[in-house]
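Here the structure comes first, spelled out in structure tokens, and everything after it is commentary.
The values are calculated or read from the model by the stated rules, or taken from the named source; none is laboratory data. Note that the coordinates shown come from a computational prediction; the quantities given were computed from them, not determined experimentally. Reconstructed Cβ throughout: ideal geometry from the backbone, glycine too, with neighbour counts over all protein chains shown.
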Amino acid sequence: MTIPLSPVLASLGTYPFVRLREAADAVRARGVEVIDFGQGDPREVTDERIRRALGESVDEMSRYPLAVGLPELREAIARWLGSRFRAQVDPDRELIPTLGSKEAIFSLAQVVLGERRLVAVTEPGYPVAERGAAFAGAEVVRVPLREETDWLPDLDVLDGRWDELAILWLNYPNNPTGAVAPLELYGELARRAERHGFLLASDEAYSELWFDEPPVSAIQTRNPNVVVFNTLSKRSSMTGFRSGFVAAAPEVVDALRAFRPQSGTAPQEFVQRASIVAWNDEEHVERVRGVYRAKRDVVLPVLLRKGLRVTGSAATFFLWFAVPDGETSEAFATRVLEHGVVVTPGSYFGPAGEGYARLALVPTLDECRRAAEILEEAL
């Protein structure tokens with residue numbers, strides 16, 4: 001039986017990380033121990049207080065959760081934004097909880113595209129914003145990030161098209177490069193967004209994972225054309241909980257509140273109650289940052305000793321580095337995988353990622369030590 005597929009879905013092919021997992025499984029099948037630095041899925045233990053709150057919040061009878069979310073959760077998020085970024089956000093009119101941030105990033109174009117059909121995404125980058133825009137029927141333009149400009153967007157590609165834009169996506173701290181953005185960039189783009197009538201959408205999933213200085217947020221611009229996405233997935237090692245939020249002007253939040261019940265996207269109430277505990281606590285976040293710092297201190301020196309140029313990598317739990325001259329990113333990843341270490345080819349994040357590879361510091365500290373020994377011999 002032949003089933004007609006969406007032409008957008010058919011054009012995408014296999015999701016890159018599925019290919020990576022299949023390649024790693026093939027190596028495991030040959031009896032090789034595999035240490036996986038590929039997908040950015042944290043393996044740290046979720047704080048006990050969060051898990052206890054989750055269990056205590058499971059009632060005998062369950063109900064459909066409301067898209068607006070629990071008032072207590074919105075208030076906790078608003079307090080956190082005020083404490084972390086000095087941002088005054090109305091919890092009733094400017095916040096909505098989400099299932100992590102991936103689904104909200106994917107669906108934004110479905111909500112806000114009208115006569116304007118142009119969506120700009122940065123590249124190399126997390127592919128979800130681009131794929132969501134494609135499914136919404138948008139024209140997508142890629143804004144390159146380059147090492148020589150510290151992985152900040154080359155806005156020249158948008159000259160002459162600012163008035164066509166519906167959404168411009170940013171992602172800092174950046175996946176995959178680990179680069180951070182200055183507040184001046186957010187301010188300049190927020191002013192352009194207001195002047196030209198588009199939304200500046202900022203994916204800030206890694207805002208709480210940093211090594212030296214805490215990153216800034218687009219929400220600090222206090223601009224009504226800014227939409228901020230954040231999540232507990234990385235901050236609190238809660239990827240499986242699927243809990244995040246969107247902060248935006250009331251008009252955008254109203255549109256999301258109207259849209260989201262159509263597809264049933266709202267976190268379960270027991271997850272929301274556990275999330276209140278997570279947003280109200282910073283101790284476990286500081287502890288998580290310390291763990292990633294320890295892993296970085298094990299793996300980074302090996303890459304440097306082997307002459308690999310590490311660039312970006314100021315935040316997140318990613319190390320982004322140039323592969324050896326004359327070798328493609330996929331060939332490098334394949335060669336390293338044969339020794340039992342999974343890294344992600346930079347080309348998986350778009351053509352501008354070619355020549356680089358990403359290493360996610362998600363294995364245990366002991367696994368990082370073992371991988372460092374393997375890389376010392378293999379590179």
Handout entry: Residue satisfying all of: in region 161-205; acidic (Asp, Glu) and either in contact with a Ser or Thr (Cβ under 9 Å, 6 or more places away or on another chain) or assigned to a loop (DSSP other than H, G, I, E, B) (or both); nearest to Leu361 (Cα to Cα) among these
Key = Glu204
Exercise for the section: Look at Gly160 and say whether it is touching a residue at least 40 places away in the same chain (Cβ under 8 Å) and either in contact with a Cys (Cβ under 8 Å, 6 or more places away or on another chain) or small (Gly, Ala, Ser) (or both). Expected result: no
Problem - Search result, residues across region 83-115 that are assigned to a loop (DSSP other than H, G, I, E, B) and either surrounded by fewer than 17 Cβ atoms within 10 Å (Cβ to Cβ) or among the hydrophobic types (A, V, I, L, M, F, W, C) (or both) - result: Arg86, Ala87, Gln88, Val89, Asp90, Asp92, Arg93, Leu99, Leu113, Gly114, Glu115
Handout entry: Residue within region 266-274 that is assigned to a loop (DSSP other than H, G, I, E, B) and touching a strand residue (DSSP E or B) at 6+ places or on another chain (Cβ under 6 Å) present
Key = yes
Practice task
Looking only at region 110-155, count how many residues are polar (S, T, N, Q) and free of Cβ contacts under 8 Å to residues at least 12 places away in the same chain.
Solution key: 1
Exercise for the section: Within region 346-369, identify whether any single residue is surrounded by fewer than 15 Cβ atoms within 10 Å (Cβ to Cβ) and hydroxyl-bearing (Ser, Thr, Tyr), and answer yes or no. Expected result: yes
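Results for (1) closer than 14 Å to Pro153 by Cβ; (2) in the same structural domain as Gly82 (by TED's automatic domain parsing); (3) surrounded by fewer than 24 Cβ atoms within 10 Å (Cβ to Cβ); (4) at pLDDT 95 or above, shown as yes or no for each residue.
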| site | (1), (2), (3), (4) |
| --- | --- |
| Trp169 | yes, yes, no, yes |
| Asn174 | yes, yes, no, yes |
| Gly178 | no, yes, no, yes |
| Arg191 | no, yes, yes, yes |
| His196 | no, yes, yes, yes |
| Val216 | no, yes, yes, yes |
Exercise for the section: Using the structure shown, decide if Glu147 is outside the structural domain of Arg358 (by TED's automatic domain parsing), at pLDDT 95 or above and under 15 Å from Ala109 (Cβ atoms). Expected result: no
